[in-house]
């Protein structure tokens, strides 16, 4: 099932098997509303900019929809700014860094916890979250994994106890990416002359250098579905490459090599498959399927000329890709063995998710 906002109606579930849709949250939203979904897709935290704020600065309002068809609950409190909220793996708790100083500018962010069954803001008082760290993620349903002050730390939210996993990391890590099981972490660091890409394997405790120089940390980077292979882009010609963190082998993603068309091309792995999708957004405007096992481009999956403003979201099993045209508000589904999209909806906006 695909879940998406329909303008003027609310949040809709489209059941691909039945080719039908129905409203689960009647939200009278506009384009200045953001949504953050729980992993089970049953709850959503809505963030809305209050343009009618009596103060000189706008304020953000938070609303929790605890379950499908349930009444919304407005969270008490208005904030000058916030950073991306993140749900616990079981979907019972969401943590949100936010700035409560209305009208004074944001000097710092506090961390707040909101429980789905008791939606009240609870400030998290632990020093590890005194300000926004370099990176933080849910490690399990009651523990955060935090990268800050040259350390990687596990923080138990129930007890406040912390455990240092790794110390003496370089300063100012950038572009941190985790494997799904948190066994590995990639990051960029500046050695004074160049950006370097490194991989930290927690079982070993040391970082391995993938490459130094020829990197743009704004280029796509991430982990394949196998949890061991890092994809990234290198060189003046923007070559797509793969780094095997087990064998410590760095090679071109394909033979012969494949390159980005330009800096804003997209790369993302298809879940439960060895495929890496290359969405070339300039000039050719196509989607290429790279088989990372055979290191071959198996097919040009879909011609996206004219769709350079599109968002692409693959389904959990990798069989479908949802396509939304931002300017025209069209929503479609792409099967990887077809050359045309199946358009299912118009006048849609904002974020799409699969259930």
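Those residues that are part of a loop (DSSP other than H, G, I, E, B), at pLDDT below 70 and under 19 Å from residue 260 (Cβ atoms), I need them from region 283-323; list them, please.
The answer is 283, 284, 285, 304, 305, 307, 308, 309.
Restricting attention to region 74-92, does a residue exist that is at pLDDT 85 or above, surrounded by fewer than 16 Cβ atoms within 10 Å (Cβ to Cβ) and over 30 Å from residue 182 (Cα atoms)?
Yes.
Would you pick out the residues in region 183-193 that are out of contact with any strand residue (DSSP E or B) (no Cβ under 6 Å at 6 or more places or on another chain) and either in a loop (DSSP other than H, G, I, E, B) or crowded, with 20+ Cβ neighbours inside 10 Å (or both)?
Result: 183, 191, 192, 193.
Give me a count of the residues in region 245-268 that are surrounded by fewer than 20 Cβ atoms within 10 Å (Cβ to Cβ) and closer than 13 Å to residue 186 by Cβ.
Final tally of qualifying residues: 1.
Quick one: what pairs do we get from region 342-355, first residue at positive phi and surrounded by fewer than 17 Cβ atoms within 10 Å (Cβ to Cβ), second in a loop (DSSP other than H, G, I, E, B) and modelled with pLDDT of 70 or more, C-beta under 6 Å, 6+ apart or different chains?
That search, which allows pairs on different chains as well, returns 347/7; 347/329.
Anything in region 107-121 that is buried (at least 19 other Cβ atoms within 10 Å of the Cβ) and under 18 Å from residue 68 (Cβ atoms)? List them, or say none.
The answer is 116, 119.
With the requirement that a residue be more than 13 Å from residue 225 (Cβ to Cβ) and in a loop (DSSP other than H, G, I, E, B), what does region 257-282 give you?
Answer for region 257-282, where residues must be more than 13 Å from residue 225 (Cβ to Cβ) and in a loop (DSSP other than H, G, I, E, B): 257, 258, 260, 261, 262, 263, 264, 265, 281, 282.
Failed condition for residue 180, given (1) in contact with a strand residue (DSSP E or B) (Cβ under 7 Å, 6 or more places away or on another chain); (2) modelled with pLDDT under 95, with all others met?
Condition not satisfied by residue 180: (1).
Output the strands (runs of 3 or more DSSP E) that fall wholly within region 207-255 and possess 2 or more residues being under 21 Å from the mean Cα position of the chain (by Cα), or say none.
Once the strands (runs of 3 or more DSSP E) in region 207-255 are filtered for at least 2 residues that are under 21 Å from the mean Cα position of the chain (by Cα), what remains is 229-234, 239-244.
State yes or no: is residue 295 on the phi > 0 side of the Ramachandran plot and over 19 Å from the mean Cα position of the chain (by Cα)?
yes
The values are calculated or read from the model by the stated rules, or taken from the named source; none is laboratory data. All figures in this text were calculated on a predicted structure; none of them were measured in a lab. Ideal geometry is used to build each Cβ from the backbone, glycine not excepted, and the neighbour counts take in all protein chains shown.
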